[in-house]
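Peer 1: Just passing along the structure, written as structure tokens.
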Amino acid sequence: MKHVLSSDQYTKESLEEVFKLAEKIRTNPKEYAHKLDDKIIAIMFYEPSTRTRLSFETAALKLGAKIITTENAGEFSSAAKGETIQDTVQVIAGYADALVIRHKSDTSAIDAASVEKIPVINAGAGKGEHPTQALLDLYTIERKKGKIDGVKVAILGDLLYGRTIHSLIKLLSLYDNIEIYGLSKEAFALPQEYIDMLKERRIEYKKCTSFDELPKDIDIIYHTRIQAERFEGDFGKEEFIINKEVLDTFSDHTILMHPLPRVIEISTDVDDDPRACYFEQAHNGLYVRMALLLQVLDKA
Ligand code: CP
């Protein structure tokens with residue numbers, strides 16, 4: 001059974017298959033409009049979402065599928081009565097052909113997939129992974145830069161709890177001559193297990209403490225919000241806000257990405273800058289998620 005659970009399951013070749021399919025869907029949507037006419041996709045979100053849930057719903061509808069959806073599953077599904085994820089999936093498998101799940105538990109998608117009754121797509125699991133976001137991030141990098149090998153990437157913000165960061169650096173580490181720079185408050189630094197993973201894969205990782213330590217010709221700045229919902233207490237002042245003045249210290253070729261939602265870490269005064277591509281990035285997610293639905297349902 002095909003699932004999308006972690007960035008760990010991908011190779012350079014399988015990523016290219018996803019990106020090629022996303023591009024084909026984008027350029028010829030009519031060819032794919034009825035591919036999932038006989039399918040029902042269950043979309044269970046136990047945590048808030050705008051992009052991931054609505055882009056998966058749109059992706060399913062554009063492929064001809066029907067959807068059954070719970071947007072606040074922690075409260076409105078029987079999880080509120082103590083039902084396990086595994087029992088929920090056993091039941092959903094009797095109604096739907098695939099499940100897209102977001103949950104606060106790091107192991108939620110793996111737990112759901114362990115039932116092995118329907119394909120499961122991880123739409124964000126706790127502070128662990130968000131692989132479909134990383135896939136659309138990489139697809140965006142390839143479209144904007146024309147390549148992924150050799151890119152220099154700065155990851156900013158919440159490197160500790162940021163699941164998009166964890167999934168993205170795993171995918172980047174599959175490519176050649178990648179350099180990664182981490183800029184965050186010490187309290188939100190990249191966990192050692194990820195630094196070790198990058199070292200094992202011979203990816204250069206440099207921990208930074210100020211914008212001045214990032215190369216001015218860096219290819220990608222990837223910012224993230226502090227995931228305040230994952231810990232108690234105040235995280236203090238945001239130190240690394242990107243506004244026009246900061247962005248203008250970087251090259252004309254540097255692109256600015258963010259998985260969104262943003263809070264204050266990217267100022268709206270850069271939204272019109274041609275280097276800011278976070279809204280385009282979110283739009284790209286639609287085609288990548290259409291491709292993933294086709295792949296897990298063997299309709300690619
Ligand atoms: N990037 C992302 O996962 O956004 P949502 O939380 O709105 O789905």
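The values are calculated or read from the model by the stated rules, or taken from the named source; none is laboratory data. Note that the structure is a prediction, hence the values are computed from the model and not measured. Positions of Cβ are backbone-derived with ideal geometry, glycine not excepted, and every protein chain shown enters the neighbour counts.
Peer 1: Residues that are surrounded by 15 or more Cβ atoms within 10 Å (Cβ to Cβ), on the phi > 0 side of the Ramachandran plot and more than 23 Å from the chain's Cα centre (by Cα): list the strands (runs of 3 or more DSSP E) wholly contained in the stretch 190-300 that include at least 2 such residues.
Peer 2: Working: elements: 204-208, 220-222, 255-257.
Of the strands (runs of 3 or more DSSP E) lying wholly inside the stretch 190-300, none has at least 2 residues that are surrounded by 15 or more Cβ atoms within 10 Å (Cβ to Cβ), on the phi > 0 side of the Ramachandran plot and more than 23 Å from the chain's Cα centre (by Cα).
Peer 1: If the requirement is being assigned by TED's automatic domain parsing to the domain that holds LYS244 and farther than 22 Å from LYS12 by Cα, which of these qualifies: LYS199, LYS207? So that I can check it myself, show each step before the final result.
Peer 2: Details: LYS199 fails: farther than 22 Å from LYS12 by Cα.
Answer to the check: LYS207.
Peer 1: Give me a count of the residues in the stretch 125-182 that are part of a strand (DSSP E or B) and closer than 26 Å to ASP212 by Cα. Steps first, please.
Peer 2: Quick first cut of the stretch 125-182, residues part of a strand (DSSP E or B) only: 125, 129, 152-156, 179-182.
From what is left, the residues that are closer than 26 Å to ASP212 by Cα are 152-156, 179-182.
Counting residues in the stretch 125-182 that are part of a strand (DSSP E or B) and closer than 26 Å to ASP212 by Cα gives 9.
Yes or no, residue by residue, for (1) among the polar types (S, T, N, Q); (2) within 16 Å of the ligand (Cβ to nearest atom); (3) out of contact with any strand residue (DSSP E or B) (no Cβ under 9 Å at 6 or more places or on another chain); (4) under 23 Å from HIS130 (Cβ atoms):
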position	(1), (2), (3), (4)
ASP8	no, no, no, yes
VAL18	no, no, yes, yes
ALA33	no, no, yes, no
ALA73	no, yes, no, yes
GLU83	no, no, yes, no
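Peer 1: Does the stretch 36-70 hold any residues that are within 16 Å of the ligand (Cβ to nearest atom), closer than 21 Å to GLN281 by Cα, part of a loop (DSSP other than H, G, I, E, B) and not β-branched (Val, Ile, Thr), and which are they?
Peer 2: Residues satisfying the conditions are PRO48, SER49.
Peer 1: For SER108, which of the numbered conditions (1) surrounded by fewer than 21 Cβ atoms within 10 Å (Cβ to Cβ); (2) within 16 Å of the ligand (Cβ to nearest atom) fails to hold?
Peer 2: For SER108, the exception is condition (1).
Peer 1: Now a separate question. Just for the stretch 1-19: of the residues that are touching a Ser or Thr at 6+ places or on another chain (Cβ under 8 Å) and buried (at least 20 other Cβ atoms within 10 Å of the Cβ), which one is farthest from LEU168 (Cα to Cα)? Steps first, answer last, please.
Peer 2: As a first pass, look at the stretch 1-19 and keep what is touching a Ser or Thr at 6+ places or on another chain (Cβ under 8 Å): 4, 6-7.
If we keep only those that are buried (at least 20 other Cβ atoms within 10 Å of the Cβ) as well, we get 4, 7.
Working: VAL4: 14, SER7: 8 Å.
If we take residues in the stretch 1-19 being touching a Ser or Thr at 6+ places or on another chain (Cβ under 8 Å) and buried (at least 20 other Cβ atoms within 10 Å of the Cβ), then VAL4 is farthest from LEU168 (Cα to Cα).
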